[in-house]
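Notes for the one structure printed next.
The values are calculated or read from the model by the stated rules, or taken from the named source; none is laboratory data. Remember, it's a predicted structure, so these values are computed and weren't measured experimentally. Glycine gets a Cβ as well: all are built from the backbone with ideal geometry, and neighbour counts include every protein chain shown.
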Amino acid sequence: MPIYPDRFIDELRLRADIVDVISSYVPLTKAGANYKALCPFHREKTPSFIVSPEKQIFHCFGCGKGGNVFGFVMEYEKVSFPEAVELLARKYNMPLPESQRQKTTTKEGVSLKNLYAINSFAVNFYHKNLFSKQGRVALEYLLSRGLDIEVIKRFKLGYARDEWDEFCSLAREKKASDKLLLESGLVVASEKGGFYDRFRNRIMFPVFDNQSRVVGFGGRSLGEEQPKYLNTPDTRIFKKSNLLYGLNLARHHTDEGYFFLVEGYMDVIGLNRCGIGNVVACLGTAFGEGHIRLLSRYVRRLVLVFDPDEAGINAAVRAVRLLLPTPLSVQVLFLPEGMDPDEYVGSYGRDAFLALEPVDGFEFLMETISKEYDMSDLKQKSLFFKELFELISAIENSIIQTGYLSALAGFAGLKDYELAREFRSFQAQRRDNASLRRRVRASGNTNIGLRQGLRPKGPEAELVKLALLCPEYRGQIKDLLMPTDFEDADLLELWQSILDANFDIGRLQIGLQNGEISVRPEILSWFNEILFSEVADPEEMIYTSSKVLLDKRNARKIKILKEVIRDRSKRGEDTSELLRELDALLKKRRDRIGQNI
């Protein structure tokens, strides 16, 4: 984190008059020696937000927020102190201290200032291309998606023409160095020694940080180029895990108290086009802890709007799992008719979208996870409870814990006290296991307490092993494995920890050793052993394991459907639709068996 000299901070504070700064955000009215306004940090009808030009401070007598000019910018812009200093320095044309400018320069001499500048140059270049003769096909595509020129200009959408090095050549003419172009990610080094444009024949979506600076791009292919969406690679100013598309606009809509989290660029743009500004999206990467930290600076509630297909449901499950232990409340909204947000608001409008009722995140988890278990089987039901107990245990707030336990009891048809008793037993077992692990580590004997048959097994264990040992298959395995595929809750916890650590083995080992990752000794032993093993045929392992997983999922669905059909038939209800679904699943199983013969 940058540290600026006290002398510079004092000079900037004297130059940045608090009335001038706050009035650029909020309309101020003279009130005697002071100024007043409706507080920008909470809803109120009578102004209680007071600014003192004499003392150079502000205070709201309604919500209690107050401070100097830096404090206001930090609170309003949701930035750190150094970022507030930088914003005010730019506003008052004060160059940052020389020592700091040197700290923001790499060994190769590429400054952050130049990285921002080359991205700013690129966004104007691509935007101009969109309105050129060669950009007509891209412009017509955007117009066909319901966008108008005003929206296109607001988001600075652009077009990278189907040229080998058009941007690279022009940037070089403007004296951009090869080092700068390479570090920005806009240009790629050729194996033959030259350079070429990373983005070609793509609609360009510029990505802004929370200070509205262009830090990178997403490019959508207009031809057969793969991948369909291509992002700027991670740079010093572009980290997909710490950026959200549309946040530069959504941060001005925090009065709503929540953000919609959608899946794509066009969903963000489509909702904004219809007047819904509190919407953001991830940049082609899984929702993670960096996004949670960023969102927590702006809102206290998040509504997930994902596609209702298998991939969308899996993404929602993982996001809710991550969000449950955090201060952010989470809800899930699946649109009817399988439409995405952009399509829905285009067809039905803003009011219809806002009228849709999202479901509570925990209720969504209970409903989704229960479908993967045979709830009439005691062992299966026990595994279901264990999986939910694991999630509830991660929540520190006892009031929220009690609320979730009550919701789970109602869902399972139990009394609150019955489920609370089981939960206490579960927590006691966890404490016993943690104590055993500490004794094992202290003794140095990893065989103490190991029980035959408790080591992880099955296709999910094989895929976890493969993901640890073969990095090139990790993306495929992450997409394939679902939380409900794990019959072993401890192995599931290990897998989630592996994902959270982004396959950093060192971090995983530390977490397993200090008890931050809570798994039984058999899992720890298995994990340590497979790190020294090899995989003979990764392709065959993926093929075989995926077949077994799909068969198991299908079998669970068939069993549940049969029971539902039997129960509804007894009540005299119509089961024709369920019978068709069952027939389709049985046919799929017969076809798979036939392929194996």
Quiz item: If we only count helices (runs of 4 or more DSSP H) wholly inside the stretch 134-184, which ones have 1 or more residues that are over 15 Å from F199 (Cα atoms) and in contact with an Asp or Glu (Cβ under 7 Å, 6 or more places away or on another chain)?
Solution: 178-184
Quiz item: For the stretch 330-342, does any single residue satisfy the condition of being in a helix (DSSP H, G or I) and crowded, with 17+ Cβ neighbours inside 10 Å?
Solution: yes
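Would you mind stating whether F306 is within 15 Å of the chain's Cα centre (by Cα) and among the hydrophobic types (A, V, I, L, M, F, W, C)? Reasoning before the result, please.
Working: within 15 Å of the chain's Cα centre (by Cα): yes; among the hydrophobic types (A, V, I, L, M, F, W, C): yes.
Against the criterion (within 15 Å of the chain's Cα centre (by Cα) and among the hydrophobic types (A, V, I, L, M, F, W, C)), F306 qualifies.
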Quiz item: Looking at (1) outside any helix (DSSP H, G or I); (2) more than 19 Å from the chain's Cα centre (by Cα); (3) within 24 Å of L492 (Cα to Cα), which is the only condition K386 fails?
Solution: (1)
Self-check item: Selection count where residues are surrounded by 16 or more Cβ atoms within 10 Å (Cβ to Cβ) and either touching a His at 6+ places or on another chain (Cβ under 7 Å) or outside any strand (DSSP E or B) (or both), scope the stretch 28-43
Solution: 5
Quiz item: Which of the helices (runs of 4 or more DSSP H) contained wholly in the stretch 474-550 include at least 1 residues that are modelled with pLDDT of 80 or more?
Solution: 474-480, 489-500, 521-530
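One line per residue, one yes/no per condition, for (1) outside the structural domain of A319 (by TED's automatic domain parsing); (2) within 30 Å of D567 (Cα to Cα):
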| residue | (1), (2) |
| --- | --- |
| G346 | no, no |
| R350 | no, no |
| F353 | no, no |
| K379 | yes, yes |
| L383 | yes, yes |
| E387 | yes, yes |
| E396 | yes, no |
| K415 | yes, yes |
| A420 | yes, yes |
Practice problem: Only residues that are more than 13 Å from the chain's Cα centre (by Cα) and touching a residue at least 60 places away in the same chain (Cβ under 8 Å): list them for the stretch 259-271, please. | Solution: Y265, M266, D267, I269, G270, L271
Exercise. Check G270 against each of (1) touching a strand residue (DSSP E or B) at 6+ places or on another chain (Cβ under 8 Å); (2) surrounded by 22 or more Cβ atoms within 10 Å (Cβ to Cβ) and name the one condition it does not meet.
Key: (1)
Quiz item: Looking only at residues in the stretch 235-260 that are farther than 25 Å from S120 by Cβ and touching a strand residue (DSSP E or B) at 6+ places or on another chain (Cβ under 7 Å), which one is surrounded by the most Cβ atoms within 10 Å (Cβ to Cβ)?
Solution: F260
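Residue-by-condition table, conditions (1) among the acidic types (D, E); (2) closer than 21 Å to L249 by Cβ; (3) touching a residue at least 60 places away in the same chain (Cβ under 8 Å):
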residue	(1), (2), (3)
N34	no, no, no
G66	no, no, no
F72	no, yes, no
Y76	no, yes, no
P82	no, no, yes
L88	no, no, yes
Self-check item: Matching residues in the stretch 251-268 - criterion: being under 17 Å from F41 (Cβ atoms), of a type outside the set (K, R) and in contact with a Phe, Trp or Tyr (Cβ under 6 Å, 6 or more places away or on another chain)
Solution: T254
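The rows are residues; the columns are (1) within 24 Å of F217 (Cβ to Cβ); (2) not in a loop (DSSP other than H, G, I, E, B).
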position: N272; (1), (2): yes, yes
position: G277; (1), (2): yes, no
position: T285; (1), (2): yes, no
position: H291; (1), (2): yes, yes
position: L294; (1), (2): yes, yes
position: V299; (1), (2): no, no
position: D307; (1), (2): yes, no
Quiz item: Just to be sure, is F70 in a helix (DSSP H, G or I), modelled with pLDDT under 90, surrounded by 14 or more Cβ atoms within 10 Å (Cβ to Cβ) and in contact with a helix residue (DSSP H, G or I) (Cβ under 6 Å, 6 or more places away or on another chain)?
Solution: yes
